[in-house]
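Novice: The following block contains the structure, expressed as structure tokens.
The values are calculated or read from the model by the stated rules, or taken from the named source; none is laboratory data. On a predicted model such as this, the values are computed, not experimentally measured, just so you know. As a convention, Cβ positions derive from the backbone with ideal geometry for all residues, glycine included, and neighbour counts pool all protein chains shown. SASA here: full protein model, heavy atoms, side chains in, ligands and nucleic acids out. Shrake-Rupley method; radii C 1.70, N 1.55, O 1.52, S 1.80 Å.
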Amino acid sequence: MRPRATKGQLQPPSRPPHHVPLLSAVKLPGLLAVTLLALLLPFTHGGYWWQGNSNTALSATSHERVSPVRLDWEGITCELQVKTEEGSKNLLSQVTGHAEPGRLLAILGPSGSGKTTLLNVLAGQVPASNALTLSGRLYVNGQLLSASPSSSFSSSVDYTQAYVRQQDLFYSQLTVRETLVMAARLRLPPSLTLREKTSLVDRLLKRLGLAKAADTIVGDDKVRGISGGEKKRLSLACELLGSPSLIFADEPTSGLDSYQSLRVMENLKDLATQGGHTVVISIHQPRSSIFTLFDDVVLMTEGEVVYAGEAAKMVPYFASLGYPCPKNFNPAEHVLDLVSVDYTTSESEVLSRTRVAALLASHRARLPSLLSSIQSSRDAHALSSTSSSPDGGGLVVKSAGTRLQRPGRFEQCRLLFTRSWRQITRSTGANMARAASNIFSALVFGTLFFQMGRGQSSVQDRMGLLQVAAINAAMSSLIKTITVFIKERLIVARERSSGKGSSYGPGPYFISKLAAELPVTALFPCLFGGIMYPLAGLQMTTRKFLTFLGVLIIESYAAAGFGMFVGTLVPSVDAGLAVAPAVMVLFIVLGGYYVNEKSVPVALRWIQDVSLIKYAFEALCINEFQGLEFEQEKRLGPGPPQVAKGEQVLQRLNFHESTVTRAVVRQSALAGVSYLLTYLMLALKKPKFQRVLSPEDMQKGKKKKMKGEKKAKGQIQGKSGQAGVPVVEAPSSVRVGL
């Protein structure tokens, strides 16, 4: 049986009870959490009353076809600067081709042939890098896309596109239906009602064969959910919400069995033939039944095109060159064998390279006629697209010259809060494991330090217990945040770079994330402290106990903020788990227990100033030792001075000039700074992509670069003539990139 989530509309949980101020230690975060929750609670399903409705090109009715978009590319070259003797490497070299509406184009090639690079160039998904240069021409419906500084990449023509990545990333605890409804409410304009959006989702579920799995959670590698093929179709469904005319898919059959691969490809084929979409995919080695679905093929090897044309004409073309396909043999495997280089022996490598060179030469010979054919068909399509209006949109129509409008910021916050809350509260396995860990730690420490009393030995025991409590609260929150936030950051990055506009901004996401996390983050330190505090026999007054819990809660917030900040800097969970605990060790060592504050070298005191362990330990010690009196022991001989009052311990730790409020305020400041830095990193690290520069723009860039080099060279010569320093000639390599 598949695990199922509770059905229901997208509603956040009910408003929590009114906050009753307890202590200054818990007043600030409590009020903050209640305020955020109050702001984010919904007033209506459609949004807030002050948002109003905006004009949009979206239609509430469903049509079968989208506005046709033809994509052409000429002379696409991708050059990567490398630190070798050659200086650069051509990932793509003078690649030319086209993709037509209503047809499925497959980019084939062996590993390293450049098929994924070409797909990313066409989709505008190549990560920006100064070491990369993209040149060539891209046309949409016969109009050149410009990437010059004076014009936007798509200023001359407006269209929508979808990009289905090879890796499927979703919130694991949401169902298939909830995932699609959430995407629809975030991407589609507020003028559409919730009923219209859910109706659109229902049609998508039926169209892509996801109706039976609609109420099944998506799942991940730890939680069982839908199958790999269903995840791929869910990725496609999410992208179809914007009614894209262009659909790009990077190896959509990767990691799927033969049946699921065929199902996914049949869906893509139906979108092309029935929906009028222009579908472009990259694929490694399709089975024969999948190959029959292709309308057009671009075959590549080592960054160059070997064949570009109709799939049905590919086998006869290679047969005419002396390479007929054996009977009952997969045509895709046959051509991939022809264009692959065999590195088994030196002889086989020479023979295979000779064969590939001959095939490339044959394609170059037919390239002029291919360019002429592409030019004439492009002109004809541009003429027809301007003289006649499209006969309808897809599931939702988007006319040229308009852009999809997303909901207002408050509505985004509300929806994102609902999603985060469901993900957190439904992760029962992780929550139960974290709760069990805190309960076990509380029982162990409470047993070890059981009813410490007021003897002289209890002084050291109390300091050790308070240090352990501070470390446990911080590490529990830190590890959980690292493992969850980094995975979630990848999903957010994908959604923010989806299509031609992001679903939401970093502000609404981060506010809703904090609003959902704060109550749950506060639960576990309360669970730990509620068990350990009475077992250990610490000062049993209501004020002392609540202050103890408040300090642990704020420390958990600070640790979570630190974990989020680290999560924005590292590329993976493994890297985060390597960096964050290492920094935490420094915080622990300089936390005031192992090394006295006055003994820390001046050069390292800044670490102590940002140590969240230090401020938590300081507040816990002041809370516990102030007003505490210890029993005096009778001794037979001389010994170390005995401690009579807790203030003596605070003076020994150099905490006597501080207060609980002061330590809590500094701890809260650390949490606030961590959250602020996390937000800034999320805002600054929005995915940026390389744009294709036309040959004219490339020439302008080279002239500007050469002019700058000559100017710099003249300055060097002038200085060297005065100082007698030999002139070093500047490098001649030119890098152009956005």
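Novice: Leu370: open to solvent by less than 30 Å² (accessible area, probe 1.4 Å), more than 37 Å from the chain's Cα centre (by Cα), farther than 25 Å from Glu100 by Cα and of a type outside the set (S, T, N, Q), yes or no?
Specialist: no
Novice: So which of Glu555, Glu624 is farther than 17 Å from Val459 by Cβ and in contact (Cβ under 8 Å) with a residue 60 or more places away in the chain?
Specialist: When all the criteria are applied, what remains is Glu555.
Novice: For Pro101, only one of the following conditions fails: (1) open to solvent by 10 Å² or more (accessible area, probe 1.4 Å); (2) modelled with pLDDT under 85; (3) touching a Lys or Arg at 6+ places or on another chain (Cβ under 9 Å). What is its number?
Specialist: Unmet for Pro101, out of (1) open to solvent by 10 Å² or more (accessible area, probe 1.4 Å); (2) modelled with pLDDT under 85; (3) touching a Lys or Arg at 6+ places or on another chain (Cβ under 9 Å): (2).
Novice: Picking from Ile531, Ile482, which residue would you name as being open to solvent by less than 10 Å² (accessible area, probe 1.4 Å) and out of contact with any strand residue (DSSP E or B) (no Cβ under 9 Å at 6 or more places or on another chain)?
Specialist: Ile482
Novice: I've got another one for you. How do the pairs read when you match residues in segment 342-358 that are polar (S, T, N, Q) with residues anywhere that are surrounded by 13 or more Cβ atoms within 10 Å (Cβ to Cβ), using Cβ under 8 Å and keeping only pairs 6 or more apart or on different chains?
Specialist: Ser348/Asp342; Ser352/Ser340; Ser352/Val341; Ser352/Asp342
Novice: Would you point out which residue out of Val339, Val350 is modelled with pLDDT of 90 or more, in contact with a Pro (Cβ under 7 Å, 6 or more places away or on another chain) and more than 30 Å from Glu239 (Cβ to Cβ)?
Specialist: It is Val339.
Novice: Sticking with this structure for a sec: Taking Ser512, is it part of a helix (DSSP H, G or I), among the polar types (S, T, N, Q), open to solvent by less than 30 Å² (accessible area, probe 1.4 Å) and farther than 22 Å from Ala470 by Cα?
Specialist: yes
Novice: Return yes or no: is Leu271 farther than 11 Å from Asp168 by Cα, in a helix (DSSP H, G or I) and open to solvent by less than 10 Å² (accessible area, probe 1.4 Å)?
Specialist: Judged against the criteria, Leu271 is a match.
Novice: Looking only at segment 569-613, how many residues end up being assigned to a helix (DSSP H, G or I) and open to solvent by 60 Å² or more (accessible area, probe 1.4 Å)?
Specialist: 16
Novice: Every residue in segment 426-459 that is open to solvent by less than 60 Å² (accessible area, probe 1.4 Å), within 30 Å of Leu174 (Cα to Cα) and not aliphatic (A, V, I, L, M), please.
Specialist: Of everything in segment 426-459, those that are open to solvent by less than 60 Å² (accessible area, probe 1.4 Å), within 30 Å of Leu174 (Cα to Cα) and not aliphatic (A, V, I, L, M) turn out to be Arg426, Ser427, Gly429, Asn431, Arg434, Asn438.
Novice: For the subset of segment 423-433 comprising residues that are touching a Ser or Thr at 6+ places or on another chain (Cβ under 9 Å) and of a type outside the set (A, V, I, L, M), which member is nearest to Leu186 (Cα to Cα)?
Specialist: Looking at the filtered set, the residue picked out is Gln423.
Novice: Still on this structure, please answer the following. Take Leu210 and decide whether it is over 25 Å from Ala99 (Cβ atoms) and assigned by the TED database to the domain that holds Val176.
Specialist: For Leu210, the condition - over 25 Å from Ala99 (Cβ atoms) and assigned by the TED database to the domain that holds Val176 - is met.
Novice: So which residues in segment 296-337 are among the polar types (S, T, N, Q) and touching a residue at least 24 places away in the same chain (Cβ under 8 Å)?
Specialist: Thr301, Asn330
Novice: What's the number of the condition Pro601 fails, among (1) closer than 23 Å to Thr547 by Cα; (2) at pLDDT below 90; (3) under 42 Å from the mean Cα position of the chain (by Cα)?
Specialist: Of (1) closer than 23 Å to Thr547 by Cα; (2) at pLDDT below 90; (3) under 42 Å from the mean Cα position of the chain (by Cα), only one is false for Pro601: (1).
Novice: Could I ask something else about it? List pairs: first in segment 186-208 and farther than 24 Å from Arg409 by Cα, second open to solvent by less than 40 Å² (accessible area, probe 1.4 Å), Cβ under 6 Å, 6+ apart or cross-chain?
Specialist: Leu204/Ala237; Leu205/Ala214; Leu208/Arg233; Leu208/Ala237; Leu208/Asn267
Novice: Something else about it: Here is a check on your reading of the model: is Phe562 more than 24 Å from Ile439 (Cβ to Cβ) and open to solvent by 20 Å² or more (accessible area, probe 1.4 Å)?
Specialist: yes
Novice: I've got another one for you. Of all the residues that make up segment 222-256, how many are over 18 Å from Ile290 (Cβ atoms), aliphatic (A, V, I, L, M) and open to solvent by 10 Å² or more (accessible area, probe 1.4 Å)?
Specialist: Number of matching residues: 2.
Novice: Within segment 235-260, how many residues are over 22 Å from Leu174 (Cα atoms), part of a helix (DSSP H, G or I) and at pLDDT 90 or above?
Specialist: Result for segment 235-260: 0.
Novice: Condition first: touching a Cys at 6+ places or on another chain (Cβ under 7 Å) and open to solvent by 10 Å² or more (accessible area, probe 1.4 Å). Now tell me which residues in segment 180-218 satisfy that.
Specialist: If the condition is that a residue be touching a Cys at 6+ places or on another chain (Cβ under 7 Å) and open to solvent by 10 Å² or more (accessible area, probe 1.4 Å), then Ala183 is the only one that fits.
Novice: While we're here: Test Val643 against the stated conditions and say whether it is out of contact with any strand residue (DSSP E or B) (no Cβ under 6 Å at 6 or more places or on another chain), open to solvent by 50 Å² or more (accessible area, probe 1.4 Å), modelled with pLDDT under 90 and β-branched (Val, Ile, Thr).
Specialist: Spelling it out, it is not the case that Val643 is out of contact with any strand residue (DSSP E or B) (no Cβ under 6 Å at 6 or more places or on another chain), open to solvent by 50 Å² or more (accessible area, probe 1.4 Å), modelled with pLDDT under 90 and β-branched (Val, Ile, Thr).
Novice: Could you give me the residue pairs with C-beta distances under 7 Å whose first residue belongs to segment 441-466 and is farther than 16 Å from Pro534 by Cβ, whose second residue is hydroxyl-bearing (Ser, Thr, Tyr) wherever it lies, and which are 6+ apart or on separate chains?
Specialist: Met463/Tyr593
Novice: Further, regarding this structure: Filtering segment 680-695 down to residues that are under 13 Å from the mean Cα position of the chain (by Cα) and not in a loop (DSSP other than H, G, I, E, B), which residue is nearest to Leu490 (Cα to Cα)?
Specialist: Among them, the one singled out is Leu682.
Novice: Please go through segment 286-333 and pick out each residue that is among the small types (Gly, Ala, Ser) and open to solvent by 40 Å² or more (accessible area, probe 1.4 Å).
Specialist: Answer for segment 286-333, where residues must be among the small types (Gly, Ala, Ser) and open to solvent by 40 Å² or more (accessible area, probe 1.4 Å): Ser288, Ala312, Ala319, Ser320, Gly322.
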